[in-house]
Amino acid sequence: MSLITVRQEGLYCEQGGFYIDPWRSVDCALITHAHSDHARSGANQYIATCLSEGVLRKRLGDEINLQGVEYREKLKLGNTLVSFHSAGHVLGSAQIRVECGDQVWVVSGDYKRCADPTCDPFEVIPCDVFITEATFGLPIYEWDMGEETCRQIYQWWQSDLERPSLLFCYSFGKAQRILGELCKFSDRPVYVHGAVHVLTEIYRQVGVKMLETISTTEMPRSHKYTGDLVLAPPSAHRSSWMKRFVQPQTAFASGWMAVRGARRRRGYERGFVLSDHADWSGLVNTILQTGAKTVYVTHGQSEVLSRYLHETYDLNAQPLKTLFEGEGDI
């Protein structure tokens, strides 16, 4: 019996009558987290963690029919028992555990294993079948702790206080993680692009500790930002928004910065390796820790990771084609 199958609308559980992170309109959608490739508009009902509610309503509309649940709270949907467990990815992110009869499946969504002061840590869930991402599913991807990378960001910021320091990073998850880690090194306010500001305020509403932030939309065009750190999404790079800054130093924080030449090709002066996804060892170790004998691998390096799991650990591992995109400008 297969609990989760792929339909044209997305990952479907017939026994429970629901979809997980569907990419088309459905009746009931269980959402792992609020990034745009996992949370799409059009469902009649959404079920997600309570911590996800603020960002989901901001992105999908206040009027959506959303049921919030706590981590580990059990729901009976059809013939299944369903619960949400922390994925350690971004605020409110979850793995979804589906139990039916003697089978347990876990759909992990996106996840990471590194410590992050702005979201709950990943929880290992024993299961029979594990559906994993593989955004960074190559051995070249190995992360330092976020605190160490943010120490490097702080040092870069302080290295040239005669210019603005523009750090580009994804507006949901990455920006807030940086603001949280920087609390260990500074108490100076940070300026943020409007897209970052809106989501950062949602983090503050649930009590996440971060540096004080000021939206650039509140500042006069004449403000110089000399010696200031400014966080912005990659979409703002080389846009008209940047004209307010005089000779800024620029950097990009992403897991993609681990690839030689990526910073130069994207047009940044500096790159910091910081990802909200699991690195190679995080992916492999997590899969082994679940005890799953069957593993489906979605988006990213799904062929590479599934082949490695089969050849090295004799797991029934195979790619699973979905529309999830992994780490993008989200």
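Gly261 meets each of the listed conditions (1) modelled with pLDDT of 95 or more; (2) of a type outside the set (Ser, Thr, Tyr); (3) on the phi > 0 side of the Ramachandran plot apart from (1). Tallying residues that are closer than 27 Å to Phe172 by Cα and aromatic (Phe, Trp, Tyr) within the range 259-314 yields 4.
Exactly one residue among Val208, Val196 is farther than 21 Å from Arg263 by Cβ, modelled with pLDDT of 95 or more and of a type outside the set (D, E, K, R), and that residue is Val208. Residues in the range 46-53: is at least one of a type outside the set (D, E, K, R), out of contact with any Pro (no Cβ under 9 Å at 6 or more places or on another chain) and assigned to a loop (DSSP other than H, G, I, E, B)? Within the range 46-53, none of the residues are of a type outside the set (D, E, K, R), out of contact with any Pro (no Cβ under 9 Å at 6 or more places or on another chain) and assigned to a loop (DSSP other than H, G, I, E, B).
Going by what's in this entry, would Ser240 be described as out of contact with any Cys (no Cβ under 8 Å at 6 or more places or on another chain) and farther than 24 Å from Arg177 by Cα? The answer is yes for Ser240.
Just one of the listed residues (Thr200, Thr132, Thr118) is under 21 Å from the mean Cα position of the chain (by Cα) and part of a strand (DSSP E or B), and it is Thr132. From the residues in the range 152-185 that are basic (Lys, Arg) and more than 21 Å from the chain's Cα centre (by Cα), which one is farthest from Gly227 (Cα to Cα)? Of everything passing the filter in the range 152-185, Lys184 is farthest from Gly227 (Cα to Cα).
Looking across the range 79-90, just one residue is out of contact with any Cys (no Cβ under 8 Å at 6 or more places or on another chain) and more than 30 Å from Gly146 (Cα to Cα), and that is Val82. Any residue at all in the range 275-283 that's in a strand (DSSP E or B), surrounded by 15 or more Cβ atoms within 10 Å (Cβ to Cβ) and of a type outside the set (D, E, K, R)? Looking through the range 275-283, none of the residues is in a strand (DSSP E or B), surrounded by 15 or more Cβ atoms within 10 Å (Cβ to Cβ) and of a type outside the set (D, E, K, R).
Only one of the listed residues (Arg260, Arg266) is outside the structural domain of Phe136 (by TED's automatic domain parsing), without any contact (Cβ under 8 Å) to a residue 12 or more places away in the chain and farther than 23 Å from Ile31 by Cα. That residue is Arg260.
Could you pull out the residue among Ser108, Ser171, Ser165 that is over 15 Å from Leu274 (Cβ atoms), modelled with pLDDT of 95 or more and not assigned by TED's automatic domain parsing to the domain that holds Cys13? Result of the check over Ser108, Ser171, Ser165: Ser165. Against the list (1) assigned to a helix (DSSP H, G or I); (2) modelled with pLDDT of 95 or more; (3) not assigned by TED's automatic domain parsing to the domain that holds Arg97, the condition Gln247 fails is (1). Among the residues of the range 178-192, those that are among the hydrophobic types (A, V, I, L, M, F, W, C), surrounded by fewer than 24 Cβ atoms within 10 Å (Cβ to Cβ) and not in a loop (DSSP other than H, G, I, E, B) comprise Leu182, Cys183, Val190. Considering Ala175, Ala195, Ala115, the condition of being free of Cβ contacts under 8 Å to residues at least 60 places away in the same chain, in contact with a helix residue (DSSP H, G or I) (Cβ under 8 Å, 6 or more places away or on another chain), buried (at least 24 other Cβ atoms within 10 Å of the Cβ) and of a type in the set (A, V, I, L, M) is satisfied by Ala175 alone.
The values are calculated or read from the model by the stated rules, or taken from the named source; none is laboratory data. None of these values were measured; they are calculated from a predicted model. Cβ coordinates were reconstructed from backbone atoms using ideal geometry, including for glycine residues, and neighbour counts include every protein chain displayed.
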